[in-house]
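Since the structure comes first, as C-alpha cells, the remarks are kept for the end.
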Amino acid sequence: MSEKFDVVALGELLVDFTANGRSPQGNPLFEANPGGAPCNVLAMLKKLGRSCAFVGKVGDDLFGRQLRTVAEEAGIDLTYLTADPAAHTTLAFVQTFPNGDRDFSFYRDPGADMLLTEAEVPEAAISQCRIFHFGSLSMTHPGVRAATKKAVSLAKAGGALVSFDPNLRPPLWASLEEAREQIDWGLGQCDVLKIADNELEFMTGQKDFDLGAAILRRRYPNIRLLCVTAGAEGSYSYCGEVRVFVPAFRLGGVIETTGAGDTFCACVLDFVLKNGLKDLTAEDLTAMLRFANAAAYLVTTRKGAIRSMPEKQQVLDLLRKIA
C-alpha cells in the first residue's frame, strides 16, 4: 500500500542559474540554485509540516544528482523521481532586471523533465493523495502532457483536490496559441487555481483583476478557490461570493523573486488542507493571504527557491512584528 501523501506534485525539477555578480576578470557569475515550480511548492509545504511526494525526471548527470540531494534534504519523497541516462537535466538562466521583472533562458530541447512518460506515473500515490498539484511546463510536449493528463485523471478519480499554477514561460512553447490551449485545459481541471497577473491577462485579455477573475470563474465553474498574485502590489482571492485583497509586504531587502509565487501557492494549499473549501469567510481568506504574502516576501530576500523557503515560525514572527 502506497503512503497517502498530503500533496503530490508532478512537473519540472531543474537548476536555476541566477546572477551573482562578476568575476575579477569581469565575467558574469551565476549561482546554481535548485528549483522547478512544482518542487518549490513541495519544499515550502514540507516547512509547514506536510507530507509530499514529487513525480518527475532529471538527467543522470551532475545536476540531476545535485537536485536529488537537495530535494531529499528538504524532506520530499522522491520515490517517483527517475533519472534518464540519455537526457540532460533542464537548466534555466534567470536575469533579474532593476524593476523586479525576470527573463528566462532555458536549456531544454530536450530536457529530462519533458521525457516523463505515462508508464512512469505512480497510480497508487496519486490516487490516494489529498491534493495533486501541477503546472503548465509539464504540458509543453506530447509525452509529458499525456503523463500529466493521466495523473490528473487519477487524482480526480481518487477524490483528491486538483491544484494548478499556469506558470507561463513563453520560450518553452512552440507557440502562444498552444500555450493558451493547454493552460485552458488545466484551468478546466482544477479546484484551486493560483495565477499571476500577467497570466490572468494572457488568458482573459483583462488587466483589471476583478474582471479577469470573473471571466475565469464564469468560464471554468470547477474553480472553487482562485488566487491572483500581483507582485509588489499584493494578492487577491475569490471563493464563492467572497473577494479579498491583501497588500504585499514592502519591507525592503528584496534580492530576487524566484520562488515567491511557489511559496505563496504552497501556503494556500496548506490552508486548504487545514480548512477545506466550504463556507470560507473574508476573515479566513484574509488570514490565508497574509500568511502567504509574508512567506513569499521572505523568500524574495534570499537567492534561489528550494533551499530558501522560510520556516513556519519565521513567517509567524514576521506577521507578529507588523501586526
*Pull up the range 204-214, narrow it to residues that are in contact with a helix residue (DSSP H, G or I) (Cβ under 6 Å, 6 or more places away or on another chain) and surrounded by 15 or more Cβ atoms within 10 Å (Cβ to Cβ), then point me to the one that is farthest from residue 234 (Cα to Cα).*
204
_Residue check for residue 50: crowded, with 19+ Cβ neighbours inside 10 Å, touching a residue at least 60 places away in the same chain (Cβ under 8 Å), out of contact with any strand residue (DSSP E or B) (no Cβ under 7 Å at 6 or more places or on another chain) and not acidic (Asp, Glu)_ = no
_Pairs, first assigned to a helix (DSSP H, G or I) in the range 55-75, second small (Gly, Ala, Ser) and modelled with pLDDT of 95 or more, C-beta under 6 Å, six or more apart_ = 64/83
*asked:* Looking at residue 167 and the list (1) of a type outside the set (A, V, I, L, M, F, W, C); (2) over 17 Å from the mean Cα position of the chain (by Cα); (3) at pLDDT below 95, which single condition is not satisfied?
replied: (2)
_Condition check for residue 64: under 22 Å from residue 143 (Cα atoms) and under 16 Å from the mean Cα position of the chain (by Cα)_ = no
*asked:* Out of 78, 45, I need the residue that is of a type outside the set (Asp, Glu), part of a helix (DSSP H, G or I) and touching an Asp or Glu at 6+ places or on another chain (Cβ under 9 Å). Which one?
replied: 45
_Residue satisfying all of: in the range 67-95; surrounded by fewer than 15 Cβ atoms within 10 Å (Cβ to Cβ) and hydroxyl-bearing (Ser, Thr, Tyr); farthest from residue 17 (Cα to Cα) among these_ = 79
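Residue-wise test of (1) among the polar types (S, T, N, Q); (2) crowded, with 24+ Cβ neighbours inside 10 Å; (3) at pLDDT below 95.
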site: 220; (1), (2), (3): no, no, no
site: 246; (1), (2), (3): no, no, no
site: 249; (1), (2), (3): no, no, yes
site: 259; (1), (2), (3): no, yes, yes
site: 275; (1), (2), (3): yes, no, no
site: 290; (1), (2), (3): no, no, no
*Please determine, by comparing only the residues of the range 12-42 that are of a type in the set (A, V, I, L, M) and farther than 18 Å from residue 172 by Cα, which one is modelled with the lowest pLDDT.*
19
_For the range 277-288, give me each residue that is of a type outside the set (Ser, Thr, Tyr) and either crowded, with 24+ Cβ neighbours inside 10 Å or within 21 Å of residue 210 (Cα to Cα) (or both)._
277, 279, 280, 282, 283, 284, 285, 287, 288
*Run residue 283 past the list (1) without any contact (Cβ under 8 Å) to a residue 24 or more places away in the chain; (2) assigned to a strand (DSSP E or B) and report the number of the one that doesn't hold.*
(2)
*asked:* Name the single residue that is nearest to the chain's Cα centre (by Cα) among those in the range 255-288 being among the acidic types (Asp, Glu) and under 23 Å from residue 36 (Cβ atoms).
replied: 262
*Pair list, Cβ under 8 Å, 6 or more apart: the range 154-167 residue of a type in the set (S, T, N, Q), other residue assigned to a loop (DSSP other than H, G, I, E, B)*: 163/190; 163/191
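The values are calculated or read from the model by the stated rules, or taken from the named source; none is laboratory data. Because the structure is a prediction, the values reported are computed rather than measured. For neighbour counting, all protein chains shown are included, and Cβ atoms are generated from backbone atoms with ideal geometry for every residue, glycine included.
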